[in-house]
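The values are calculated or read from the model by the stated rules, or taken from the named source; none is laboratory data. Note that the structure is predicted; figures quoted are calculated from it, not measured. Heads up, the Cβs are rebuilt from the backbone with ideal geometry, glycines too, and the neighbour counts pull from every protein chain shown. Heavy atoms of the whole protein, side chains included, go into the accessibility calculation; ligands, DNA and RNA do not. Shrake-Rupley method; radii C 1.70, N 1.55, O 1.52, S 1.80 Å.
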Amino acid sequence: MIIKPKVRGFICVTAHPEGCAAHVQQWIDYVKSQPGIQGGPKKVLVLGSSTGYGLASRITAAFGSGAATLGVFFERPSDEGRPATPGWYNTIGFTRAARAAGLYAKNIMGDAFTADIKQQVIAAIKADLGQVDLVVYSLAAPRRTHPKTGAVHKSCLKPIGAPYTNKTVDTDKGIVSEVTIDPASQEEIDDTVAVMGGEDWELWMEALAGAGVLAPGAQSVAYSYIGPEVTWAVYKNGTIGMAKNDLERAARAIDAKLRTTGGRAFISVNKALVTQASSAIPVVPLYISILYKIMKEAGTHEGCIEQMHRLFATQMYNGHSPQFDEIGRARVDDLEMRPEIQAAVAAIWPKVTTDNLAELTDIAGYREEFLKLFGFGLAGIDYDAPTEPHLPME
Ligand code: NAI
C-alpha cells in the first residue's frame, strides 16, 4: 500500500509505518547522543506511552537509563485498506529498537481507565519486573468511562464563565480567523475534570501500591501546561485548566503516600508542542507557530524528547531533585516562559493575518512537526514506494 498524508482539519487520518519508526529512531538517537542518566529509573511504567510526552518519557528511560519499560496506550490497528494510528507504529518501532539494544519492553494496548487494564499491568509487572520504580502518567484522552459508575465523561476545551473570542489558525489551510467559544456548563467542567483530572492517576497508584508492585522510593510524574495569558481563557482558566488543577490535587495526595517509602509524586509543567492532543485546542496552534519561530531564533527550541530528557537529567535523576515552583511543580516550560520570549510572542500576536502568517510565524515548522507525528516528511523514507501497513503489535 502506498501511504500518503490525508489531513482532515486538525488530524491526519493516515500514518506511515516506516516513517513513524524513523521518527522514533530520531528521538532514540537524540537520547543516545546525550550523556547517560546516572541513578536513573530501571523499571518504568508509562501510561500513554505511544505518542507525545509519554513516548518521549519511555525513550528517555530506556535509552538514557537502560530501563525496562512497560507501556500502556490506546491505539487502533490497521484494517482493510486503512493504516493503523501512529502510536501503533511508534510502539512497534520503539519495541524493536529497545529489544535490539537488549532492553525489556512490553506493551499493553487498551483503555487505561478500566480496572481490567490495571489488573493486566499488575500481572505483567509481577511476572516480569517484580516492582516498578517510576510511573509516568501521560494520558490525553477525549473520554473516560468511569470504572465505578459506568458513566461516560467527555472532555471539552472551553472557557468558563464567559464566551472567549480570539485569533486561531486553521493549520491545514493557513487561514487566520477569529473564533468565539461559548463557556462550558458545570456538567462539561465536571466531565473534563473526570477525564483529564487526577482521579484515574490516583486509582492507578492505589492499585499498584495495593498489589505491592511499587518499589520503595518509587516516583510518579504527570504532565501539565500553563502557557501565556493569551491562551489562559481556553487553557489555564478553562475546562482543561480545572482538570489540571485536579491533577495537582492528586499529585499532592499521591506524593503524601509515596513519601512514606522515600518516593515522591509531582507535576511537571511542560512546553507547548505539536502533538495530537494540542493540535485539537483552539488558539493554541497559532501560539505554538509563533512560539516556534521565536524560540528557534533564540536557539532555545525543544521538542518532546529534549523536554523529557531535560526533565529526567536535570530535575529527577543525575543526583538532582526537582526545583519546584511555589506550588510544588517542576518546570521544564522555563525557556518558553522567559519574559523576552513571551514579549516577542505578544508583539507578533496582534499583527498575524492570513496574508503574513508564513512570514510572522513558523507555520511551516508547525506543519512539518505535525506531519512527522504521523510518520511523514522523514528523510530516507520513500513515500512513493508501497509499504506494509498491517504490522502486528510487538
Ligand atoms: P498525545 O495525544 O500525544 O498522547 C496521549 C497518549 O495517551 C497516547 O499514548 C494515547 O494512546 C494515550 N491514551 C489516550 N487515551 C487512552 C486510554 N483511554 N487508555 C490508554 N491510553 C490512552 O498527548 P500529549 O500531548 O503527549 O499529552 C500527554 C500529557 O502531556 C497530557 O497530560 C497533556 O495535557 C500534557 N501536556 C501536553 C503539552 C503539549 O503541548 N502537547 C504541553 C504540556 C503538557
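Taking the conditions exactly as written (touching a helix residue (DSSP H, G or I) at 6+ places or on another chain (Cβ under 7 Å) and surrounded by fewer than 18 Cβ atoms within 10 Å (Cβ to Cβ)), does Gly174 satisfy them or not? So Gly174 fits the description; yes. Checked across the stretch 234-254, the condition of being modelled with pLDDT of 95 or more and away from the ligand (no atom under 16 Å from the Cβ) holds for at least one residue.
Looking only at the stretch 178-194, which residues are within 30 Å of Ile363 (Cβ to Cβ) and either touching a residue at least 24 places away in the same chain (Cβ under 8 Å) or among the acidic types (Asp, Glu) (or both)? Result: Glu178, Val179, Ile181, Asp182, Pro183, Ala184, Thr192. Need pairs with beta-carbon distance below 8 Å; first residue touching a residue at least 24 places away in the same chain (Cβ under 8 Å) and over 14 Å from Pro41 (Cβ atoms) and within the stretch 121-138, second among the hydroxyl-bearing types (Ser, Thr, Tyr) and away from the ligand (no atom under 15 Å from the Cβ); sequence gap 6+ or separate chains. Note: pairs meeting the criteria are Asp128/Tyr104.
Inspect all residues belonging to the stretch 217-232 and state whether any of them is of a type in the set (Phe, Trp, Tyr) and free of Cβ contacts under 8 Å to residues at least 12 places away in the same chain. Yes: the stretch 217-232 contains one or more residues that are of a type in the set (Phe, Trp, Tyr) and free of Cβ contacts under 8 Å to residues at least 12 places away in the same chain. Quick check, is Glu188 surrounded by 15 or more Cβ atoms within 10 Å (Cβ to Cβ), at pLDDT 95 or above and more than 19 Å from the chain's Cα centre (by Cα)? Yes, satisfied. Please verify whether Leu371 is under 30 Å from Glu18 (Cα atoms), open to solvent by less than 10 Å² (accessible area, probe 1.4 Å) and either part of a loop (DSSP other than H, G, I, E, B) or not small (Gly, Ala, Ser) (or both), treating the condition exactly as stated. In short, no. Cβ-Cβ distances below 6 Å connect the following pairs, each with a first residue in the stretch 240-263 that is within 21 Å of Gln131 (Cβ to Cβ), a second residue that is open to solvent by less than 10 Å² (accessible area, probe 1.4 Å) and more than 16 Å from the ligand (Cβ to nearest atom), and a separation of six or more residues or different chains: Gly263/Ala218. Within the stretch 30-42, the residues that satisfy the criterion of being more than 18 Å from Gln315 (Cα to Cα) and either touching a helix residue (DSSP H, G or I) at 6+ places or on another chain (Cβ under 9 Å) or within 16 Å of the ligand (Cβ to nearest atom) (or both) are Tyr30, Lys32.
I'm trying to understand the selection: among the residues of the stretch 249-268, which are assigned to a helix (DSSP H, G or I) and crowded, with 19+ Cβ neighbours inside 10 Å? Across the stretch 249-268, the qualifying residues are Ala250, Ala251, Ile254, Leu258.
Of all residues in the stretch 193-236 being among the polar types (S, T, N, Q) and more than 18 Å from Val284 (Cα to Cα), which is least open to solvent (accessible area, probe 1.4 Å)? Filtering the stretch 193-236 for residues that are among the polar types (S, T, N, Q) and more than 18 Å from Val284 (Cα to Cα), the one least open to solvent (accessible area, probe 1.4 Å) comes out as Ser220.
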